[in-house]
């Protein structure tokens with residue numbers, strides 16, 4: 001470190017030279033900004049390209065040459081996939097399973113987080129270590145035995161079977177525990193003095209006080225459940241029970257490849273998560289920080 | 001305030017019950033069952049005989065399994081370091097921007113991350129399409145004017161999937177890096193500026209050491225995540241040669257679900273489990289030790 005200081009002192013130059021250097025640095029700064037902007041455009045381009053293709057007629061899509069905007073704007077692709085595929089079923093299945101996962105995970109994690117944070121009971125430490133340990137277990141390694149459990153429960157090819165294994169959410173419990181830990185003890189004691197029981201404490205005080213966290217966790221859980229591919233793909237085999245992520249890749253048109261329709265159905269699958277993200281941008285960011293262990 | 005510990009136990013029991021039931025059914029039991037199953041020759045559903053370590057010996061001599069292991073390592077090596085480094089570089093660029101411009105640029109980099117894998121598959125399948133894909137304008141000149149069938153050319157498959165994965169997952173690392181950069185006090189930079197430290201020196205002496213803990217975190221998270229690669233490989237190999245592009249999770253699925261060998265599938269799952277645990281602990285320790293120097 002002392003070497004750095006010495007070097008910095010040596011390189012310190014007279015005022016005029018420094019001014020010249022600052023000007024030059026600004027040019028470099030401008031260049032960096034420009035590169036960043038170009039990078040953002042390149043990054044977003046595949047999204048734009050996928051979207052714009054859905055508004056083209058098929059003959060326009062397969063025509064050689066780069067066409068950034070459709071010559072004849074059309075909704076034909078969307079009309080086709082809405083009327084000719086089972087996308088309605090897939091949408092409803094995705095909605096039901098994702099909402100179920102979200103609600104159950106939040107209730108379960110908040111209750112467990114509250115108990116571990118605020119109550120003293122035998123096995124408390126054991127549960128806490130189990131949760132921290134389960135953090136390391138790669139869920140895709142459990143697909144074989146998850147399938148066995150689900151079939152023992154008679155839930156293969158049902159939406160309940162899709163939901164089940166998604167309820168393991170150690171991170172959510174850990175985050176709730178941390179937030180409940182930081183609620184001042186006075187609240188709890190004052191409310192308990194008034195005769196409130198633990199359920200009232202949890203649902204009237206602890207949860208409402210951490211409403212932002214709950215929103216953030218619910219949103220990220222919903223997005224995760226909506227996007228999940230591997231488990232819904234294994235748990236369900238009939239077209240009517242598929243989630244949208246599975247349905248759009250497993251069911252093919254009988255009349256060859258149609259890029260416009262394939263992409264249109266993909267855009268419809270992305271729509272809910274994209275909308276949720278654009279509305280709740282700040283909460284999504286917060287949830288990602290939280291799940292990575294950065295409290296903010 | 002004195003409350004009986006019995007009522008506290010009761011509350012705790014009721015509050016822990018849903019969690020306990022779910023964990024018992026979907027975590028503890030499947031984990032134990034997986035280990036047990038790996039010592040039997042059971043099919044996916046149904047009883048099997050105890051065969052000791054047979055499944056593990058079979059894995060060790062199975063060529064397809066070693067292909068799966070190597071492809072997984074290859075994929076991680078291609079996608080993780082480059083993804084983390086690129087995220088840091090972009091974070092430095094985005095962090096300089098202000099206000100609405102920053103929000104838009106950040107959204108452009110982040111948006112792919114929240115998309116389902118099936119949508120990513122459709123978009124890039126179209127981008128790289130052999131006949132009409134727009135990426136052919138870049139690829140064909142590199143290939144002597146010939147259009148490239150990216151996902152059916154074996155040497156190109158993993159690099160292409162890694163490239164797409166970096167595009168898809170970068171947003172996550174980017175957010176963490178930006179949060180880390182914002183935590184570095186601007187006073188340090190001002191002081192360095194007064195001392196005449198240039199941009200590169202500032203990065204070398206201030207940003208890099210102070211962002212190191214975030215780098216470790218991002219690297220570890222990405223490593224564990226990408227070892228579980230399956231979705232993209234499965235989707236992009238649809239209708240073409242699977243075996244040369246086999247990865248570990250795919251191998252588990254192949255043995256257990258496609259060939260109905262539950263025992264062998266479970267054994268390969270145990271191996272994946274151990275690899276992830278060992279690598280993540282080891283890597284975290286290594287990076288931390290490097291950071292403390």
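Just so it is clear, none of the values below were taken in a lab; they were calculated from the coordinates. Remember, predicted model here, so these are calculated numbers, not experimental data. Note that each Cβ is placed from the backbone with ideal geometry, even for glycine, and that neighbours are counted across all protein chains shown.
The length gained by stretching the chain between residue A:193 and residue A:237 to full extension, at 0.36 nm per residue less their Cα-Cα distance, is 10.4 nm. What the Cβ-Cβ distance of residue B:195 and residue A:153 gives, at R0 = 56 Å and to the nearest 0.05, is a FRET efficiency of 0.25.
Working note: Debye formula, equal point scatterers on the alpha-carbon atoms of the stretch A:178-232, no solvent; log10 I(q)/I(0) at q = 0.23, 0.30, 0.31 Å⁻¹ is -0.87, -1.15, -1.19. Taking the three principal axes of the alpha carbon atoms in the stretch B:45-95, the coordinate ranges are 60, 24, 15 Å, sorted in descending order.
Entry for the stretch A:79-291 at q = 0.13 Å⁻¹: log10 I(q)/I(0) = -0.83, Debye formula applied to identical alpha-carbon scatterers, no solvent contribution. Using a 7 Å offset from Cα along Cα-Cβ at residue B:281, what residues in the stretch B:35-55 end up with backbone N under 17 Å from the label point? Counting backbone N atoms under 17 Å from the label point, the list is empty. The mean number of Cβ atoms from other chains found within 10 Å of a Cβ in peptide A:113-126 is 4, as a whole number.
Counting, for every residue in A:37-47, the Cβ atoms of other protein chains within 10 Å of its Cβ and taking the mean gives 6. Any idea how far the Cα center of the stretch B:22-77 sits from the one of the stretch A:49-68, in Å? Centre-to-centre distance over Cα atoms comes out at 46 Å.
Debye sum, Cα scatterers, chain B, no solvent: what log₁₀ I/I(0) at q = 0.09, 0.12 1/Å? Values, matching the q order: -0.64, -0.99. Computing FRET efficiency as 1/(1 + (r/R0)^6) for residue A:37 and residue A:135, where r is the C-beta to C-beta distance and R0 is 60 Å, gives about 0.95.
Suppose R0 equals 35 Å; then what is the FRET efficiency for residue B:146 and residue B:98 from their Cβ-Cβ distance, rounded to the nearest 0.05? Efficiency for this residue pair is about 0.15. Model label points for residue B:53 and residue A:160, set 7 angstrom from Cα along the Cα-to-Cβ axis, are 4.3 nm apart. Listed peptides B:113-119, B:56-62, A:69-75 appear in the order B:113-119, B:56-62, A:69-75 once ranked by packing, highest mean of other Cβ atoms within 10 Å at the front.
With both labels modelled 7 Å from their Cα along Cα-to-Cβ, the residue A:257 to residue A:72 distance reads 2.4 nm. With Cα atoms as the point set, the radius of gyration and Dmax of the stretch A:221-296 evaluate to 15.7, 52 Å.
Using Cα pairs closer than 8 Å and at least 6 residues apart in sequence, work out the relative contact order for chain B, in percent. Computed over chain B, the figure is 30 percent. Computed over the Cα atoms of the protein assembly as shown, the ratio of the radius of gyration to the Kirkwood radius (Rg/Rh) comes to 0.99.
Estimated from helices alone, the mean residue ellipticity of the protein assembly as shown at 222 nm is -22500 deg cm²/dmol (sum of -39500 (n - 2.57) over DSSP H runs with n ≥ 4, per residue).
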